[in-house]
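Written below as structure tokens is the structure these notes are about.
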Amino acid sequence: MSTRKPMSRFATIGGLCAVAALTVTSCGAGGPAASGGAGDSVTVLVEAGGHAELAGVAEVCETSAGLDVKFVELPYDGLFNRLSSEFSAGTVSFDVAALDSVWLPSFKDALEPIDELFTDEVQQDIFPALVEEANVEGHFIGMPAWTNAEIILYRKDLFEDAENMADFEAEYGYELAAPTTWEQYRDISEFFTRDGMYGTDVKGAVETEWLAHVLQAGSPMVLDEDGNVVIDNDAHREALDFYVGLTESAPPGAAQVDWAAAQNLFNQGKTAMTRFWAHAYRQIPDDATVAGKVGAAAMIGGSAGVAGVPGPWYLSVPKATANTENAKRFIECAYENNSLGIESSLGLASRISAFEEYQDEEGYESFGPLIETLNAEATATRPATEKWQQIVDTVLIPLLQKAVAGGDTESLLADAKQQIQDLLK
């Protein structure tokens, strides 16, 4: 999903999953004791699409932690505006907020440190990139509630077809299988671009895939650790050139293709492969052309290895709430029961153990590739700058759209560097 509206778009994809009742287990989160009177309450501000991820958790926390959990749901833009307004005023109407990862740098000064919840045991069960992102200026200010990353989804039926296998090996000199290198991905995309089908998609309207290529090439995305703009370095250019090159095996109009368009193309059988958020594997409609025919593989690596750009949301406590203890108790409870999110309509979690619990079950074949991608050493979250969304909207996406439409990548990257430097002044 897009950087800006991941949850609202997640929630509209596919059917609903039943919320299963799971046994509550204590998993070692630190912090306040999980006890309290029946009158204890906590108000959680959440994006409407993310409510389902926490509904099962809330039910368990009401009985196990004695918390009366109330939700306030807002659309994505409305949530950001509400947060901005109340944080600026220093008075809040909520005790816990579910925050998009790109908001943490903007709201860091308004959030209560929750360092005591991040014990060594807790940190070992959260993907490394998320642990790093949750720590802003020396304090943990958000507990991951759910996360996602792009993996490779491919038409297993086409890959296992005997005629396709023989023709591919004859043409390319190796066996047709889920790609493990970008050269293989390019070859397979080229091979399946025929008879009204395309080998892959190219999403010119979102920046994530190109930036994943940048990480795989060994460079930080757009900004280095000191905040210097590095978007014009060799890794960014080579990644962009490769990504643009895939348009030869992708549907026309790549500049306008976003997540929803790419997902529709794949589900309708128009593309043989797609790089997509892992949750989509379980949300392929039963009546889709590709239903029951899809395989899943980890994101492909470059010279720096496998790398993806995670899409996490965090639970945070505002400094202005007078209900800090109950807020932290809810976050602790949410962590301990994190696997309940997998049974929601979105079907995601944030703990490694939660995904591992399901990865060998039928229907959850995407979880192994997701774990591998999120655990990869080169996987990294977006740069910690308050201007990130502005950079995406006004620089990165326009750059990518011009590039896939045939623009000169070297000059586009040079222009982008100057634009970003101006934004950061």
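The values are calculated or read from the model by the stated rules, or taken from the named source; none is laboratory data. Just so it is clear, the structure is predicted and the values come from calculations on it, not from any experiment. Cβ sites come from the backbone with ideal geometry, for glycine too, and all protein chains shown count toward neighbours. Keep in mind that these areas ignore ligands, DNA and RNA; they rest on the heavy atoms of the full protein, side chains included. Shrake-Rupley method; radii C 1.70, N 1.55, O 1.52, S 1.80 Å.
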How do the strands (runs of 3 or more DSSP E) wholly within the stretch 1-100 filter down when requiring 1 or more residues that are modelled with pLDDT of 50 or more, open to solvent by 50 Å² or more (accessible area, probe 1.4 Å) and touching a His at 6+ places or on another chain (Cβ under 8 Å): which remain?
68-74
Just for helices (runs of 4 or more DSSP H) wholly inside the stretch 189-308: which have at least 3 residues that are closer than 25 Å to residue 418 by Cα and at pLDDT 95 or above?
208-216, 234-245
For the stretch 382-416, enumerate the residues that are outside any helix (DSSP H, G or I) and within 25 Å of residue 149 (Cβ to Cβ).
382, 383, 384, 385, 386, 387
Residue 264 vs. criteria within 26 Å of residue 288 (Cα to Cα) and surrounded by fewer than 18 Cβ atoms within 10 Å (Cβ to Cβ)
yes
Does the stretch 388-425 hold any residues that are small (Gly, Ala, Ser) and open to solvent by 60 Å² or more (accessible area, probe 1.4 Å), and which are they?
405, 406
Being under 30 Å from residue 395 (Cβ atoms), surrounded by fewer than 23 Cβ atoms within 10 Å (Cβ to Cβ), small (Gly, Ala, Ser) and touching a helix residue (DSSP H, G or I) at 6+ places or on another chain (Cβ under 6 Å), is that true of even one residue in the stretch 231-254?
yes
Sort out which residues of the stretch 190-230 are under 14 Å from residue 274 (Cβ atoms), touching a Pro at 6+ places or on another chain (Cβ under 9 Å) and open to solvent by 30 Å² or more (accessible area, probe 1.4 Å), and write them in order of number.
198
Going by what's in this entry, would residue 249 be described as of a type in the set (S, T, N, Q), touching a Ser or Thr at 6+ places or on another chain (Cβ under 6 Å) and within 20 Å of residue 179 (Cβ to Cβ)?
yes
May I ask you to list pairs of residues, at least six apart or on different chains, whose Cβ atoms are under 8 Å apart, with the first in the stretch 85-98 being over 17 Å from residue 73 (Cβ atoms) and the second being open to solvent by less than 30 Å² (accessible area, probe 1.4 Å) and not small (Gly, Ala, Ser)?
87/107; 87/318
Among the numbered conditions (1) over 17 Å from residue 215 (Cα atoms); (2) touching a residue at least 40 places away in the same chain (Cβ under 8 Å); (3) not in a loop (DSSP other than H, G, I, E, B), tell me where residue 419 comes up short.
(2)
Given (1) closer than 20 Å to residue 383 by Cα; (2) more than 19 Å from the chain's Cα centre (by Cα), number of the condition residue 209 does not satisfy
(2)
